[in-house]
Amino acid sequence: LYLRLPSRSAAKTLTQWQALPLSFALAARNGRVMREGEAVVSTLASSVAQVQRVVLMFAASDVTVLQLAVPPLPASKLRAALPGLVEDRLITDPAECVLVAGPRKNGLCAIAVIERHWLQSVIAIFSGLGARRIVALPMQLCLPLQSGGLAAAVTEGPGQIDLALRFSIDEGIG
């Protein structure tokens with residue numbers, strides 16, 4: 001089950017963001033889309049509990065994707081070093097964020113940064129509905145990308161417009 005989440009700023013303006021209709025797609029194991037549309041979280045509750053995986057696509061404005069040169073460290077040491085590596089590129093304290101490093105390519109690494117509280121609160125909602133496996137992805141890296149091209153998506157929400165841009169396999173902004 002793929003779910004496109006509202007931005008954190010849109011969710012903050014509402015008392016219950018779960019009452020907003022979310023774009024969703026229910027896909028079979030072979031990737032064929034079985035059902036798609038918009039629905040509120042409560043309507044999707046039975047699907048959430050039945051599927052093998054729930055993929056949460058966070059708004060591009062909520063996830064910063066950085067391309068950084070990282071030292072050749074084992075994964076566990078890289079995780080420990082990430083806050084220091086991204087600190088000067090963030091407005092907020094890295095301790096308040098979840099930092100995830102992608103694979104190292106040509107000495108660079110894509111690092112996704114999202115506010116810890118927002119991520120945990122969304123995951124708690126879907127865990128409470130019975131989700132067995134939850135995957136979180138930045139919307140900008142979910143856009144289809146053609147070689148040498150740029151992908152963009154504009155989403156209108158209550159009182160705001162979200163823009164996601166994807167430049168390459170590991171680069172995008174919102």
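Hey, could you check region 1-35 for residues that are touching a Ser or Thr at 6+ places or on another chain (Cβ under 6 Å) and not in a strand (DSSP E or B) and say which is farthest from LEU56 (Cα to Cα)?
Ranking the qualifying residues of region 1-35, first place goes to SER7.
Quick one: which of SER42, SER9, SER61 is more than 23 Å from LEU143 (Cα to Cα) and either open to solvent by 90 Å² or more (accessible area, probe 1.4 Å) or modelled with pLDDT under 95 (or both)?
Selected residue: SER42, the only one of SER42, SER9, SER61 that is more than 23 Å from LEU143 (Cα to Cα) and either open to solvent by 90 Å² or more (accessible area, probe 1.4 Å) or modelled with pLDDT under 95 (or both).
Yes or no: region 96-104 includes at least one residue that is outside any helix (DSSP H, G or I), among the charged types (D, E, K, R), at pLDDT 95 or above and surrounded by 13 or more Cβ atoms within 10 Å (Cβ to Cβ).
no
From the residues in region 105-138 that are loosely packed, with under 12 Cβ neighbours inside 10 Å and part of a strand (DSSP E or B), which one is modelled with the highest pLDDT?
So, considering only residues that are loosely packed, with under 12 Cβ neighbours inside 10 Å and part of a strand (DSSP E or B), the one modelled with the highest pLDDT is VAL135.
Filter region 83-95 for residues that are among the aliphatic types (A, V, I, L, M) and exposed (fewer than 15 other Cβ atoms within 10 Å of the Cβ); which is nearest to ASP62 (Cα to Cα)?
It comes out as ILE91.
Per-residue answers, yes or no, for (1) aromatic (Phe, Trp, Tyr); (2) free of Cβ contacts under 8 Å to residues at least 12 places away in the same chain; (3) farther than 23 Å from SER9 by Cα:
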residue	(1), (2), (3)
LEU85	no, no, yes
PRO103	no, yes, yes
ILE111	no, no, no
GLY130	no, no, yes
VAL135	no, no, no
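Could you grab the pairs with beta carbons closer than 6 Å, sequence gap of 6+ or different chains, first residue in region 1-14 and within 12 Å of VAL41 (Cβ to Cβ), second one part of a loop (DSSP other than H, G, I, E, B) and at pLDDT below 95?
From region 1-14, the pairs are LEU1/VAL51; PRO6/LEU20.
Name the residues in region 36-57 that are part of a strand (DSSP E or B) and in contact (Cβ under 8 Å) with a residue 24 or more places away in the chain, would you?
Of everything in region 36-57, those that are part of a strand (DSSP E or B) and in contact (Cβ under 8 Å) with a residue 24 or more places away in the chain turn out to be VAL54, VAL55, LEU56, MET57.
Which numbered condition in (1) open to solvent by less than 100 Å² (accessible area, probe 1.4 Å); (2) modelled with pLDDT of 90 or more; (3) touching a strand residue (DSSP E or B) at 6+ places or on another chain (Cβ under 9 Å) is the only one that ALA49 fails?
(3)
So which pairs qualify, if the first residue must be in region 23-35 and within 24 Å of GLY157 (Cα to Cα) and touching a residue at least 24 places away in the same chain (Cβ under 8 Å), the second must be hydroxyl-bearing (Ser, Thr, Tyr) and open to solvent by 30 Å² or more (accessible area, probe 1.4 Å), the Cβ gap must be under 7 Å, and the two must be at least 6 apart or on different chains?
Partner pairs satisfying both residue conditions: ALA25/TYR2.
For (1) within 26 Å of TRP17 (Cα to Cα); (2) of a type in the set (Gly, Ala, Ser), each residue gets a yes or a no:
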position	(1), (2)
ILE111	no, no
LEU119	yes, no
ALA124	yes, yes
SER127	yes, yes
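So SER76 ticks every box in (1) over 23 Å from VAL122 (Cα atoms); (2) among the hydroxyl-bearing types (Ser, Thr, Tyr); (3) assigned to a strand (DSSP E or B) but one. Which box is left unticked?
Condition (3) is where SER76 drops out.
Against the condition modelled with pLDDT under 90 and within 30 Å of ALA49 (Cα to Cα), how does GLY157 come out, does it pass?
Against the criterion (modelled with pLDDT under 90 and within 30 Å of ALA49 (Cα to Cα)), GLY157 qualifies.
The values are calculated or read from the model by the stated rules, or taken from the named source; none is laboratory data. Given the structure is predicted, the values throughout are model-derived calculations rather than measurements. Ideal geometry is used to build each Cβ from the backbone, glycine not excepted, and the neighbour counts take in all protein chains shown. Just so you know, the surface numbers come from the protein's heavy atoms only, side chains and all, with ligands and any DNA or RNA stripped out. Shrake-Rupley method; radii C 1.70, N 1.55, O 1.52, S 1.80 Å.
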